[in-house]
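Participant: Below is one structure. I have some questions about it.
The values are calculated or read from the model by the stated rules, or taken from the named source; none is laboratory data. As the structure is a computational prediction, the values presented were derived from the model and not from experiment. Positions of Cβ are backbone-derived with ideal geometry, glycine not excepted, and every protein chain shown enters the neighbour counts.
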Amino acid sequence: MSETRPEEILSPEANVQTIAAEPVLEVIIPSGPTGARDQDEEWCEVRHDGEVKRIRFHDYAEVFSIPGLYERLFYEELACDSPRTVCSLLGQALRDENVPAGELQVLDLGAGNGMVGEELAQLGADSIVGVDIIEEAAAATERDRPGIYEDYKVLDLTDVGDEDRRELRAREFNCLTTVAALGFGDIPPEAFATAYELVADDGWVAFNIKEDFVSPDGDSTGFSEVIRGAFEEGALELAADHRYQHRLAADGEPIHYVAMIARKRGELSLAA
Ligand SMILES: C[S@@+](CC[C@H](N)C(=O)[O-])C[C@H]1O[C@@H](n2cnc3c(N)ncnc32)[C@H](O)[C@@H]1O
């Protein structure tokens, strides 16, 4: 009896697809001084499709436009695990208060390419809507995690039109998540406040933030006053918090964030 060799089973098209499905993606993080003074100035070199580009870590439009780069850079090279950290802390807080995750109607602010949405779906959230300020994030979510969000809006929450506001209100959110997106020229306090306003009273607010941004001395973003004020005035009631290594910096030093899970008990006031 003659044996069938593997190449006789595969059609010629299947062979072509196997080869074409593996474009080269190489990430080089410079080991010496880069001139980057802060987290949002760090950069790397990326080789993709025969081209080498210097990309700033926080240039999310560029990062999301290359398939797999976000996960490769932040999760594999820089050991980030924040979506899982924040969502598992949220899951624990829900269990502590006997609230089924299946009741959650979530607004995920700064949704990126859907890693937080994926964690929320695993938790069992009923509905998840993503908002991000750049089209490239919405396109990357469609490419990388289609179907995770019930809706995904590209919006600037500091300047929302009436129709978008009406649509978002109609969702009756009872949970806001925002992960790895507050401060650093990303989400400003005003956009966070708009999202917060869309959450029902007693709803859940789950976020992480660089520890310096919630300390009175190290903050230049305005979040320290807003968040500390919200806890002091009782607008937010803390359910759980956790200081942890958010990721490594380009030089290998740990960057610490605080994950916080809180209940909304009142409106947020922005500092004057
Ligand atoms: C580091 S990514 C985090 C993505 C996702 N939350 C995660 O943890 O994987 C930061 C995201 O915040 C988005 N972003 C920045 N400024 C924003 C703003 N003002 N409003 C909404 N999204 C914003 C960026 O476009 C980017 O997708």
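Participant: Does the range 153-169 contain any residue that is outside any loop (DSSP other than H, G, I, E, B), in the same structural domain as Glu118 (by TED's automatic domain parsing) and under 16 Å from the mean Cα position of the chain (by Cα)? Before the answer, list the steps.
Facilitator: First, pick out the residues of the range 153-169 that are outside any loop (DSSP other than H, G, I, E, B): 153-154, 162-169.
Among the residues that remain, those that are also in the same structural domain as Glu118 (by TED's automatic domain parsing) are: 153-154, 162-169.
With under 16 Å from the mean Cα position of the chain (by Cα) added as a condition, the list becomes 153-154.
Yes - at least one qualifying residue is present in the range 153-169.
Participant: Let me ask something additional. Under 7 Å between Cβ atoms, which residue pairs at least 6 apart in sequence (or on different chains) link something in the range 155-180 that is within 24 Å of Leu236 (Cα to Cα) with a partner that is more than 10 Å from the ligand (Cβ to nearest atom) and assigned to a loop (DSSP other than H, G, I, E, B)?
Facilitator: Leu168/Leu198; Arg169/Leu198; Phe173/Leu198; Asn174/Leu104; Cys175/Leu104
Participant: What pairs come out if I take residues in the range 90-113 that are assigned by TED's automatic domain parsing to the domain that holds Gly147 and more than 18 Å from Ala200 (Cα to Cα) and pair them with residues that are hydrophobic (A, V, I, L, M, F, W, C) and assigned to a loop (DSSP other than H, G, I, E, B) whose C-beta lies under 6 Å away, six or more apart or interchain?
Facilitator: That search, which allows pairs on different chains as well, returns Gly110/Ala181.
Participant: Of all the strands (runs of 3 or more DSSP E) wholly in the range 183-272, which have at least 2 residues that are touching a Pro at 6+ places or on another chain (Cβ under 7 Å)? Walk me through it before giving the result.
Facilitator: Working: elements: 199-210, 236-248, 254-264.
In the range 183-272, 236-248 are the strands (runs of 3 or more DSSP E) which contain 2 or more residues that are touching a Pro at 6+ places or on another chain (Cβ under 7 Å).
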